[in-house]
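Worksheet: the structure to be examined is printed underneath.
The values are calculated or read from the model by the stated rules, or taken from the named source; none is laboratory data. Here the structure is a predicted model, which means the values were calculated and not measured. Neighbour counts are summed over all protein chains in view; Cβ atoms, including those assigned to glycine, are modelled from backbone coordinates with ideal geometry.
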């Protein structure tokens with residue numbers, strides 16, 4: 001049976017843990033607010049970019065740009081986005097499990113499936129799993145900006161243009177709220193512009209093909225940038241929720257331990273009184 005000192009020490013340890021989880025929740029909440037604002041500001045631009053690209057691409061052939069031209073898929077790359085750090089509940093594992101399921105399903109259809117990690121938790125997850133070959137990727141260090149997306153997009157476009165891969169899909173968690181981050185998969189390359197229901201006529205100078213030479217790389221880069229922002233907002237939202245739950249659990253544990261401490265102290269006092277009374281009767 002635990003002694004009073006054991007219970008008291010455990011209460012102190014849980015209280016220290018509670019301070020840490022509460023502080024982490026506050027930090028995550030501040031970062032989440034900024035990340036949420038960034039992704040909400042980026043989505044209208046992404047929608048308008050898809051609309052313009054779709055309208056311009058609708059007037060040309062698919063071979064007007066090498067990144068638009070589909071090919072037989074024998075080698076598939078999965079670019080998987082997770083966080084560098086943990087303590088955010090099941091956020092990373094949900095994305096990794098989706099990527100693993102896709103890799104298992106597609107491995108029977110293509111010659112090779114390769115995982116390209118964006119975030120340290122991807123590499124850690126697939127290091128002990130042989131479902132696909134894991135290539136060198138990127139870690140997310142600090143605040144997300146266009147330099148991150150530009151570097152990643154450039155490398156991926158070079159892989160596709162050189163024929164190292166026949167298709168590149170991205171796997172990430174689409175941010176919905178602090179409580180909900182939905183793992184999704186999207187095809188990055190070959191780029192397949194959505195033809196809008198109502199095609200708007202744009203006067204393109206000097207011509208649509210040269211316009212695509214500018215729009216297509218920009219669309220690829222911004223798709224990566226949006227995935228990074230979605231990943232960032234989802235990570236902070238999931239960590240804020242996880243730390244809130246952890247703080248609530250410590251409060252419940254402290255209440256339970258305090259009750260156990262009071263019961264143990266009462267039993268100790270009762271035992272001492274019994275010894276005193278027994279000694280007095282013996283005299």
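Residue count for the stretch 74-101 under the criterion of being outside any loop (DSSP other than H, G, I, E, B) and closer than 15 Å to residue 165 by Cβ: the result is 6.
Could you list, in sequence order, all residues of the stretch 205-244 that are surrounded by fewer than 20 Cβ atoms within 10 Å (Cβ to Cβ), over 16 Å from residue 48 (Cβ atoms) and in contact (Cβ under 8 Å) with a residue 40 or more places away in the chain? Of everything in the stretch 205-244, those that are surrounded by fewer than 20 Cβ atoms within 10 Å (Cβ to Cβ), over 16 Å from residue 48 (Cβ atoms) and in contact (Cβ under 8 Å) with a residue 40 or more places away in the chain turn out to be 208, 209, 213, 217, 244. Looking for whichever is in contact with a helix residue (DSSP H, G or I) (Cβ under 7 Å, 6 or more places away or on another chain) and surrounded by 12 or more Cβ atoms within 10 Å (Cβ to Cβ) here; the options are 43, 34, 10. Which one fits? Answer to the selection: 10. Within this structure, residue 89 passes the test of being at pLDDT below 90 and either under 22 Å from residue 237 (Cβ atoms) or surrounded by fewer than 14 Cβ atoms within 10 Å (Cβ to Cβ) (or both).
Considering only the stretch 51-71, I want to know if a residue exists there that is without any contact (Cβ under 8 Å) to a residue 24 or more places away in the chain, exposed (fewer than 14 other Cβ atoms within 10 Å of the Cβ) and either part of a loop (DSSP other than H, G, I, E, B) or not assigned by TED's automatic domain parsing to the domain that holds residue 229 (or both). Scanning the stretch 51-71 turns up at least one residue that is without any contact (Cβ under 8 Å) to a residue 24 or more places away in the chain, exposed (fewer than 14 other Cβ atoms within 10 Å of the Cβ) and either part of a loop (DSSP other than H, G, I, E, B) or not assigned by TED's automatic domain parsing to the domain that holds residue 229 (or both).
A quick yes/no check of all residues on (1) in the same structural domain as residue 79 (by TED's automatic domain parsing); (2) within 18 Å of residue 98 (Cα to Cα); (3) modelled with pLDDT of 85 or more:
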site	(1), (2), (3)
174	yes, yes, yes
180	yes, yes, yes
183	yes, yes, yes
186	yes, yes, yes
194	yes, no, no
204	yes, no, no
213	yes, no, no
216	yes, no, yes
230	yes, yes, yes
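Quick check: is even one residue across the stretch 144-164 in a loop (DSSP other than H, G, I, E, B), more than 19 Å from residue 90 (Cβ to Cβ) and in contact with a strand residue (DSSP E or B) (Cβ under 8 Å, 6 or more places away or on another chain)? Within the stretch 144-164, one or more residues are in a loop (DSSP other than H, G, I, E, B), more than 19 Å from residue 90 (Cβ to Cβ) and in contact with a strand residue (DSSP E or B) (Cβ under 8 Å, 6 or more places away or on another chain). If the condition is being within 26 Å of residue 221 (Cα to Cα), modelled with pLDDT of 85 or more and more than 18 Å from the chain's Cα centre (by Cα), then the stretch 111-132 contributes 112, 113, 114.
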